[in-house]
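Report on the following structure.
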Amino acid sequence: MDNQHPDLHPLFSEHLEVLKSRTDVALQRGGFDHLVVPSGTVRYQFLDDRDYPFHVNPHFKHWLPVTRAPGSWLVYTPGRRPKLIFLQPADYWHVVPEAPAGYWVEHFDIITIRDAAEARAHLPGDVTRCAVIGEANAALDSMVPNNPQGVIDYLHYHRVIKTAYELAMMRVASKIGTRAHRAAAAAFHAGESEFGIHMAYLDAARQTENELPYSNIIALNEHGAILHYHDLKHAPPSHLYSFLIDAGASFHGYASDITRTHAGKDCEEFQVLIDAVDEVQKNLCARVRAGQDYGALHVDAHHQLAGVLHDHGFIRMSAESAVESGVSATFFPHGLGHPIGLQVHDVAGFAADDKGQTIDRPEGHPYLRMTRSIEPGAVVTIEPGLYFIDMLLARLKEKPEGKDIAWDKIDAFHKYGGIRIEDDVACTDGDPENLTRDAFALLDGH
């Protein structure tokens, strides 16, 4: 079958064999006989009986597409079928998790329990021989998460490389996210508030806020200059100059992470700048290839964006001078992106190898989330941006480089807030696969 309608049975079978092979090596290195992974437990707010939204242990959902089964356990012993201890409590206060079903169940020995404490009888007896990966509050009697670093380092390093099954899940997450982005853009052009746009997004994604992989950023006008803006004003501003949306979707435990920026009506000058950043972004996406140093790609993004600032009259210095002096970081203060998969900001972005060695960030770039070289199977985000952030601009104005800034032009663009454009891009043995733009193209029938 094709990428749009894959047969999940063989894909999942191959995925599971990869996980077994990786885990066999990790356990052998750590001197353990068993991998034990609790799904996690429900947490309650302080002095209250109201629980926080449950989020499953990513190591648990790596093995099976079960994200709503607190109190469950996965056990893998090399040479044996993995075991799922599935908590399906006798409970009339809450929705009880549905019995396991689907393309994956034939690969597991499944034991259903009615009380969380019953799991202990089905877990390995000698806890000293177990690598238990999870949060401390997931402990059950003597089965306490020990999170052995050597095991985690190995599993995390290799988790960056996605199986064909994982890529299939991420393509679906991208389709859901792009569909919802289109609905949000339509709501913006219809004059909706940030809250109204957010609700349009949730409706189109068919996911609640707790099902999304992260909290939506829905920013109108100058709010686009706040990198993690989550306030959601209920009333629209008197004039809609711009709209920045950073929002994704989830599918079977895998995430998409998508950002787009839109200009308001009669804001052609801002649209021209959006188009320029979009060209930079597409150029960077095309370089998600085997062997590409991600840290070097981030630095190159600074040079390209500084060129945009120069060409559009925001700075009078050269692009090279803007990067060397740190001026470019005033307008692009975050990292180019990060690994993505089971988590939005996925693991091992700094890993040099599977033994725990790391690669430092380039000097002067403290917020970059990935420094390792890109390998086939890795999926990364590419999200350059330009922003007009009052605090950072005020600092720049006091520096000698401030004399080379066109402050009148900066002031004219302050009302737009900023621009960010983000795609999820998979590295292959050849040309990169842009999961985000491919999903948008499917919506357009291309």
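The values are calculated or read from the model by the stated rules, or taken from the named source; none is laboratory data. In this text the structure is predicted, and so the values were computed from the model without any measurement. Because the Cβ atoms are built from the backbone with ideal geometry, glycine has one as well, and the counts that use them run over all protein chains shown. These accessible areas exclude ligands, DNA and RNA; they are computed on the full protein's heavy atoms, side chains included. Shrake-Rupley method; radii C 1.70, N 1.55, O 1.52, S 1.80 Å.
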Point to revise | Qualifying residue in segment 142-160 (condition: in contact with a strand residue (DSSP E or B) (Cβ under 7 Å, 6 or more places away or on another chain), free of Cβ contacts under 8 Å to residues at least 24 places away in the same chain and either more than 30 Å from Asp429 (Cβ to Cβ) or surrounded by fewer than 17 Cβ atoms within 10 Å (Cβ to Cβ) (or both)) | key: yes
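Could you tell me which residue of segment 33-78 is least open to solvent (accessible area, probe 1.4 Å), considering only residues that are assigned to a loop (DSSP other than H, G, I, E, B), in contact with a Lys or Arg (Cβ under 9 Å, 6 or more places away or on another chain) and not acidic (Asp, Glu)?
Let us first name the residues in segment 33-78 that are assigned to a loop (DSSP other than H, G, I, E, B), namely 33, 39-43, 45-50, 52-57, 62-72, 77-78.
Next cut, in contact with a Lys or Arg (Cβ under 9 Å, 6 or more places away or on another chain) only: 33, 39, 52, 54, 56, 62, 67, 77-78.
Checking the rest, the ones that are also not acidic (Asp, Glu) come to 39, 52, 54, 56, 62, 67, 77-78.
Details: Ser39: 1, Tyr52: 110, Phe54: 48, Val56: 21, His62: 19, Thr67: 50, Thr77: 20, Pro78: 54 Å².
Here the residue is Ser39.
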Exercise for review: Could you check, for segment 125-139, whether at least one of its residues is in contact with a Ser or Thr (Cβ under 9 Å, 6 or more places away or on another chain), of a type in the set (S, T, N, Q) and not in a loop (DSSP other than H, G, I, E, B)?
Suggested key: yes
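Based on what the data block shows, is Leu16 in contact (Cβ under 8 Å) with a residue 24 or more places away in the chain and under 27 Å from Asp153 (Cβ atoms)?
Here the answer is yes, as Leu16 does meet what is asked.
Tell me, please, whether a residue that is of a type in the set (A, V, I, L, M, F, W, C), at pLDDT below 95 and surrounded by fewer than 16 Cβ atoms within 10 Å (Cβ to Cβ) can be found in segment 99-106. First the steps, then the outcome.
Our first condition is that a residue be of a type in the set (A, V, I, L, M, F, W, C); within segment 99-106, this holds for 99, 101, 104-105.
If we keep only those that are at pLDDT below 95 too, we end up with 99, 101.
Now restrict to residues that are surrounded by fewer than 16 Cβ atoms within 10 Å (Cβ to Cβ): 99, 101.
Checking segment 99-106: at least one residue is of a type in the set (A, V, I, L, M, F, W, C), at pLDDT below 95 and surrounded by fewer than 16 Cβ atoms within 10 Å (Cβ to Cβ).
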